[in-house]
Amino acid sequence: MLQQVKEQQNIFEEIYSKDNAARFSFNVTNDPLIRYLRDRRLQKALDFIKANSNGEDIYQWKVLVVCGGVGGEGIFFIRKGFHDVTVSDISENSLQICRELEPKIKTVVLNGEDTGLPENAYDLVIVQDGLHHLPRPTTGFTEMLRTARKGVVVIEPYYGTVGNLIGTEWEVHGDSTNYVYRWNRMMVSQAVKSYLLKEFKAIKVFRLWDHNVVVRKLSQKFPGSVQLPIAKFVYALLTPFGFLGNMMVAVVLKE
Ligand SMILES: C[S@@+](CC[C@H](N)C(=O)[O-])C[C@H]1O[C@@H](n2cnc3c(N)ncnc32)[C@H](O)[C@@H]1O
């Protein structure tokens, strides 16, 4: 294991320590505003997969989340009706919290760069805000393509002028630093084609705005009943400017 991976593991074991577990309960909240903000990007990916599934029952798919932390993405898939959902992370403490938040989720400690899993071990492999914690993000992406039978979802920062100006370049947690690697359509497409050659069905990259902290704070200044409509309205206003957006929802369908 690379030193940088070890450092990430050490720092995330602290971040996800028992004393901090309560901080992550928002992942199972039923508050419609928080649910919308938490699930918006995953929903976009799921809508695309459903629209391109040719009538297949995707809810039978085996799902693996990499760099999944306390399981926010896994909880989304369970709540949507998927039965076989595994959350993986380099931190065992995160997975302990995940199991407490949602006992239906299976968990396994995996290094996202080198999972040791067989090819096509899961149907759908997804990551959200995780590849940029790896020293070799494209290796992590290729590992997802290798271990997914049907599809891959990558939700990571998009490379663009505005995102580069206002976004974080270096994330520093204690003794561990990671570079915030940003993607664009061309990078995704080239990485997929290099590895899968012509053996893929679709590569779709959505570019969009994502400013959940700002949108949440703004929405929460209003009474509860209008908070969700306000958050949706703000994101609707930003939609025409998605071509400048700071976030990527990429879906690769292999078959
Ligand atoms: C910003 S958190 C995102 C967690 C989750 N996806 C979410 O959005 O709530 C990044 C996660 O990547 C994990 N991580 C860092 N390096 C990793 C590696 N080499 N393999 C697997 N997970 C890793 C960390 O432990 C942490 O849980």
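Would you mind calculating the relative contact order of the chain from Cα pairs under 8 angstrom and at least 6 residues apart, reporting the percent as a whole number? For the chain, the relative contact order is 20 percent. Please state the shape class of the stretch 119-255: rounded when a/c is under 1.5, otherwise prolate if a/b exceeds b/c and oblate if not, all from the C-alpha gyration tensor. Verdict is prolate for the stretch 119-255.
Tell me whether the chain comes out rounded, prolate or oblate; compute the Cα gyration tensor, take square roots of the eigenvalues as a ≥ b ≥ c, and use a/c under 1.5 as the rounded threshold. In terms of gyration-tensor shape, rounded. Working note: Karplus 6.51/-1.76/1.60 with θ = phi - 60° gives the stretch 246-254 the couplings 9, 9, 10, 10, 10, 10, 10, 10, 7 Hz, where Gly and Pro are set to x. FRET efficiency for the Lys104 to Asn52 pair, using the beta carbon distance and R₀ = 30 Å, is estimated at 0.70. Hey, how many Å between the Cα centroid of the stretch 168-203 and the Cα centroid of the stretch 24-42? Using only Cα atoms, the two centres lie 25 Å from each other. The trypsin sites (Lys or Arg not before Pro) of the stretch 210-245 meeting both criteria, a DSSP state outside H, G, I, E and B (loop) and at most 12 other C-beta atoms within 10 angstrom of the site's C-beta, are Lys221.
For the stretch 126-180, the residue among His132, Ile155, Thr168 whose Cα projects farthest onto the positive side of the dipole built from Cβ charges is Ile155. In plain terms, the chain from Ile166 to Ser25 could stretch by 47.9 nm, reckoned as 0.36 nm per residue minus the Cα-Cα distance.
How would you classify the stretch 27-113 from its alpha-carbon gyration tensor, with a ≥ b ≥ c the square roots of the eigenvalues: rounded for a/c under 1.5, else prolate if a/b is greater than b/c, otherwise oblate? Oblate, since a/c reaches 1.5 and b/c is not below a/b. Label separation (Phe222 vs Ala202): 3.2 nm, computed from points 7 Å beyond Cα along the C-beta direction. Rounded to the nearest 20, the size of the Cβ-charge dipole of the chain about its Cα centre is 1020 debye, with Lys and Arg at +1 and Asp and Glu at -1.
Beta-bridge orientation, the chain: approximately 50 percent antiparallel, per DSSP, counting only bridges with both partners inside.
In the context of the full set of protein chains, the chain has a per residue accessible area of 49 Å² (1.4 Å probe).
Restriction of the GluC sites (Glu not before Pro) in the stretch 86-177 to DSSP coil positions whose beta-carbon has at most 15 other beta-carbons within 10 angstrom yields Glu119, Glu169.
The values are calculated or read from the model by the stated rules, or taken from the named source; none is laboratory data. What you are looking at is a predicted structure, and each value in this text was computed from that prediction instead of being measured. As a convention, Cβ positions derive from the backbone with ideal geometry for all residues, glycine included, and neighbour counts pool all protein chains shown. What goes into the accessible areas is simple: the full protein's heavy atoms, side chains included, and nothing from ligands, DNA or RNA. Shrake-Rupley method; radii C 1.70, N 1.55, O 1.52, S 1.80 Å.
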